[in-house]
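Q: Quick one: structure below, then a few questions.
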Amino acid sequence: MANKKIITKVTTHILQEMKLKGEKISMLTAYDYSMARLLDEAELDVILVGDSASNVMAGYTTTLPITLNEMIYHASSVMRAVSRALVVVDMPFGTYQGNSKEALNSAIRIMKESGVDAVKLEGGKEIVESVERILSAGIPILGHLGLTPQSIHKFGTYIVRATDEKEAEKLVEDAHLLEKSGCFGIVLEKIPAKLGARVTKELKIPIIGIGAGNGVDGQVLVLHDMLGITQKFSPRFLRRYHNLSEEIKGSVRAYIEDVKSVNFPNEREQY
Ligand code: KIV
């Protein structure tokens, strides 16, 4: 009988154990079935259905326009592909800030309609009431501090955050608050590596960085950026593992040429 591989589903508890063992956590974004299937087959630990879908999939310049229904659509597509990775979905802008009852309703809709494992919220002290209310319903939360793209209109720029002492101390306080509230982990985006390492040391929960140095417990990147599908976005923290935009365009050009020259389909490609 052929050996069937046993799939161990990644849980928030497994991430916690990974931190204790010093095993780094790998995380990437996905927004659709086909890509999510590849990431899961490659044995990635965590898939984030990020609201970066607003930029990458829908072409908006910020993450603000994407709706709850659209995030649920992306999350459901991802969930149909995944059997191993932990799947976290971003709660979109406007669904949890300022009103904890609405936050809980939004989180419940996400969990019920997509079947994901957890939600991610941006912010610290200012959203803690929503965090606590969602957690009280048994929904796991991943926090997100540092550069929080949903607040772009407050910051006005995507530059490195928490470079001054006051903002750094606020970030450390917020991180402790999120841990105390019961978040299972925190994403730290675009902050000095030293600060990322400090938060990672001080907190017991896993810290996953994007532009937060290598002293954190894991790394996350936007899939389309690391594969080189997006072309204009080139922050210092981004490592491109491929130049897919050129490969895709090259394949499309070759196809156009074959169609025009009636080189496709050939004898073997027709009935
Ligand atoms: O939406 C997203 O892709 C994110 C990552 C940048 C962490 O939040």
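The values are calculated or read from the model by the stated rules, or taken from the named source; none is laboratory data. None of the values given here were measured: they were computed from a predicted structure. Note that we place each Cβ from the backbone using ideal geometry, even for glycine, and neighbour counts take in every protein chain shown. The protein model used for the area step is the full one, side chains on, heavy atoms only, and it has no ligands, DNA or RNA in it. Shrake-Rupley method; radii C 1.70, N 1.55, O 1.52, S 1.80 Å.
Q: Being part of a helix (DSSP H, G or I) and either among the small types (Gly, Ala, Ser) or not assigned by TED's automatic domain parsing to the domain that holds Val46 (or both) is the filter here, so list the residues in the range 172-198 that pass it. Don't jump to the end; show me each part of the working.
A: First, the residues of the range 172-198 that are part of a helix (DSSP H, G or I): 172-181, 193-198.
Within the range 172-198, Ala175, Ser181, Ala193, Gly196, Ala197 qualify.
Q: Oh, and also: Report whether or not Ser26 is open to solvent by 30 Å² or more (accessible area, probe 1.4 Å), away from the ligand (no atom under 11 Å from the Cβ), among the small types (Gly, Ala, Ser) and in a strand (DSSP E or B).
A: Details: open to solvent by 30 Å² or more (accessible area, probe 1.4 Å): yes; away from the ligand (no atom under 11 Å from the Cβ): yes; among the small types (Gly, Ala, Ser): yes; in a strand (DSSP E or B): yes.
Here the answer is yes, as Ser26 does meet what is asked.
Q: Are any residues in the range 204-228 within 12 Å of the ligand (Cβ to nearest atom), open to solvent by less than 10 Å² (accessible area, probe 1.4 Å) and assigned to a loop (DSSP other than H, G, I, E, B), and if so, which ones?
A: Once the filter is applied, which keeps residues that are within 12 Å of the ligand (Cβ to nearest atom), open to solvent by less than 10 Å² (accessible area, probe 1.4 Å) and assigned to a loop (DSSP other than H, G, I, E, B), the range 204-228 yields only Ala212.
Q: Still on this structure, I have one more. Out of all the residues in the range 37-44, is one or more surrounded by 21 or more Cβ atoms within 10 Å (Cβ to Cβ) and away from the ligand (no atom under 12 Å from the Cβ)? Can you show your working first?
A: Within the range 37-44, the subset surrounded by 21 or more Cβ atoms within 10 Å (Cβ to Cβ) is 39, 44.
The next check asks that each one be away from the ligand (no atom under 12 Å from the Cβ); those that pass are 39, 44.
For the range 37-44, residues surrounded by 21 or more Cβ atoms within 10 Å (Cβ to Cβ) and away from the ligand (no atom under 12 Å from the Cβ): present.
Q: Taking the range 144-182 on its own, how many of its residues are of a type in the set (Gly, Ala, Ser), more than 21 Å from Ile205 (Cα to Cα) and out of contact with any strand residue (DSSP E or B) (no Cβ under 9 Å at 6 or more places or on another chain)? Spell out how you get there, then give the answer.
A: Start the filter on the range 144-182 by keeping residues that are of a type in the set (Gly, Ala, Ser), which leaves 146, 151, 156, 162, 168, 175, 181-182.
With the extra rule that they be more than 21 Å from Ile205 (Cα to Cα), the set shrinks to 151, 156.
Now drop any that are not out of contact with any strand residue (DSSP E or B) (no Cβ under 9 Å at 6 or more places or on another chain), which leaves 156.
Total meeting the criteria: 1.
Q: Still on this model: All but one of (1) open to solvent by less than 20 Å² (accessible area, probe 1.4 Å); (2) closer than 21 Å to Ser130 by Cα hold for Leu68; which doesn't?
A: Unmet condition: (1).
Q: Right, here's the next one. Which one is farthest from Leu15 (Cα to Cα) among residues in the range 229-255 that are in contact with a Gly (Cβ under 6 Å, 6 or more places away or on another chain) and more than 15 Å from the ligand (Cβ to nearest atom)? Write out each step before concluding.
A: Step one: of the range 229-255, the residues in contact with a Gly (Cβ under 6 Å, 6 or more places away or on another chain) are 237, 240, 242-245.
Right, trim to more than 15 Å from the ligand (Cβ to nearest atom) and you get 240, 242-245.
Working: Arg240: 25, His242: 28, Asn243: 31, Leu244: 30, Ser245: 33 Å.
Of everything passing the filter in the range 229-255, Ser245 is farthest from Leu15 (Cα to Cα).
Q: What pairs come up if the first residue lies in the range 55-84 and is within 15 Å of the ligand (Cβ to nearest atom), the second is among the hydrophobic types (A, V, I, L, M, F, W, C) and modelled with pLDDT under 95, and their beta carbons are under 6 Å apart, counting only those six or more places apart or on different chains?
A: Short answer, once both residue conditions are applied: Thr62/Ile152.
Q: May I ask you to list the residues in the range 144-165 that are more than 16 Å from Glu126 (Cβ to Cβ) and either more than 16 Å from the ligand (Cβ to nearest atom) or surrounded by fewer than 16 Cβ atoms within 10 Å (Cβ to Cβ) (or both)?
A: Filtering the range 144-165 for residues more than 16 Å from Glu126 (Cβ to Cβ) gives 156-160, 163-165.
Across the range 144-165, the qualifying residues are Gly156, Thr157, Tyr158, Ile159, Thr163, Asp164, Glu165.
Q: Let me ask another. May I ask you to say which residue of Glu169, Glu257 is open to solvent by 30 Å² or more (accessible area, probe 1.4 Å) and outside the structural domain of Ala137 (by TED's automatic domain parsing)? Before you say what the answer is, go through the steps one by one.
A: Details: Glu169 fails: outside the structural domain of Ala137 (by TED's automatic domain parsing).
Glu257 is the lone residue from the list that is open to solvent by 30 Å² or more (accessible area, probe 1.4 Å) and outside the structural domain of Ala137 (by TED's automatic domain parsing).
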